[in-house]
Amino acid sequence: MVVDGQQAIRASFSRAEEALRSLRESAAPARAIEETAQRLLAVEADQAASVEELRATCETLAAHAEEGLTAARQANDRDSEQHLMELAAAAKRQMG
């Protein structure tokens, strides 16, 4: 009976070691997935900041084009007026 008890203990240790090995093997891919997710979040944040910067630049461009358009109209400069109208419209389209 003592032998049966020792065999049962060895079998339990063997199953525990197998479970530990399996957990270790699955931990590496889980860490890789977590690291990839963190990198994706960082890229997303950078992209959002870039989009906001681009939107602000388009707003500034549209405002300057409108100012130039006003000056071109006052100077009766039809060529510049047309170009500035197109520039202002393009900038506004980029802003959404």
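No value in this document is a laboratory result; all are computed from the given coordinates. Quick caveat, the model's predicted, so the values are computed rather than measured. Counting neighbours? That spans all protein chains shown, and the Cβs are built from the backbone with ideal geometry, glycine included.
Residue by residue, here is whether (1) touching a residue at least 24 places away in the same chain (Cβ under 8 Å); (2) more than 31 Å from the chain's Cα centre (by Cα) holds:
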{"position": "E18", "(1), (2)": "no, yes"}
{"position": "P29", "(1), (2)": "no, no"}
{"position": "Q38", "(1), (2)": "no, no"}
{"position": "L41", "(1), (2)": "no, no"}
{"position": "V51", "(1), (2)": "no, no"}
{"position": "A65", "(1), (2)": "yes, yes"}
{"position": "L69", "(1), (2)": "no, yes"}
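Checking the conditions here, which among E35, E53, E17 is out of contact with any helix residue (DSSP H, G or I) (no Cβ under 7 Å at 6 or more places or on another chain) and within 30 Å of A91 (Cβ to Cβ)?
On inspection, the qualifying residue turns out to be E53.
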